[in-house]
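The values are calculated or read from the model by the stated rules, or taken from the named source; none is laboratory data. Computed from a predicted structure; not experimentally measured. Note that each Cβ is placed from the backbone with ideal geometry, even for glycine, and that neighbours are counted across all protein chains shown.
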Amino acid sequence: MSGRSRTKPNALAEPGPKPDIAGVLAVQSKRRPPSGRLSNRLRAFDELATELPESVLPTELWDGELIKSPAPSFQHQEVVLRFYRLLDAWATRKQAGKTIAAPVDMVLSPRRAVQPDVLFIARERLGIVQQCVRGPADLVAEVLSPASRRRDRIEKRDLYEQHGVREYWMLDPEAGTIEVLALESGEYRLAGRWREGETARSQLLEGFAARVDSVFLGS
């Protein structure tokens, strides 16, 4: 899925003989639409998929609101690809399923579609793989950044839990940690938190492990 950016309207200061800059900024802050939101119109994924051209920019649909983010940093993508290679190598060796990296749409409902950094679909569930992934992947990984930290730790965590993603990996380069959440009885439980010098392990995928240093430092 992709989107075309729409220029945000310029907010005007309240009329007055001598408006100060703080007042202008306060008015702008109140009137400015949420960061990344392209339109106030609520859309459905299938509608957007037929209307919009392809794009490599991160573009997601949240409750019908189309949201586009800036391209990720070079360092962010290095971490994504290191983790992807580790998971894909395990999946290929075990013939366990398919692994893919962003940008690929994972459609969770008609008005909810996200693009996880890395996702894995088990072999027995490959029927959900079409032009996009229609349903929750078995394992999802997100690389946290200062701009996405709250969203990945709270909003996406709740979203993945609600829709049944069985295991959620949060890779935090700034903190130097990997956290794994495992879905049990419909709720996430912390399976483990690992730091540099340690090895993170999957509870869902038997035998899959990732050295924290390898993921963050390439060592």
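Exactly one of these conditions fails for residue 165: (1) in contact with a Pro (Cβ under 6 Å, 6 or more places away or on another chain); (2) over 24 Å from residue 219 (Cα atoms); (3) in a strand (DSSP E or B). Give me its number.
(3)
Are any residues in region 112-129 surrounded by fewer than 17 Cβ atoms within 10 Å (Cβ to Cβ) and either within 16 Å of the chain's Cα centre (by Cα) or more than 17 Å from residue 205 (Cβ to Cβ) (or both), and if so, which ones?
127, 128, 129
What pairs come up if the first residue lies in region 107-131 and is closer than 24 Å to residue 72 by Cβ, the second is modelled with pLDDT under 95 and of a type in the set (Phe, Trp, Tyr), and their beta carbons are under 9 Å apart, counting only those six or more places apart or on different chains?
107/45; 112/45; 112/62; 113/45; 113/62; 114/62
I need the full set of residues from region 194-219 which are charged (D, E, K, R) and within 24 Å of residue 122 (Cα to Cα), in order please.
201, 206, 211
If a residue has to be closer than 16 Å to residue 204 by Cβ and of a type in the set (Gly, Ala, Ser) to count, how many in region 76-93 make the cut?
Within region 76-93, residues that are closer than 16 Å to residue 204 by Cβ and of a type in the set (Gly, Ala, Ser) number 1.
Would region 62-70 turn up any residue that is loosely packed, with under 15 Cβ neighbours inside 10 Å, modelled with pLDDT under 95 and in a loop (DSSP other than H, G, I, E, B)?
Scanning region 62-70 turns up at least one residue that is loosely packed, with under 15 Cβ neighbours inside 10 Å, modelled with pLDDT under 95 and in a loop (DSSP other than H, G, I, E, B).
Could you list, in sequence order, the residues of region 75-122 that are at pLDDT below 95, among the hydrophobic types (A, V, I, L, M, F, W, C) and not in a strand (DSSP E or B)?
102, 104
Among the residues of region 136-162, which ones are buried (at least 16 other Cβ atoms within 10 Å of the Cβ), part of a helix (DSSP H, G or I) and of a type in the set (A, V, I, L, M)?
159
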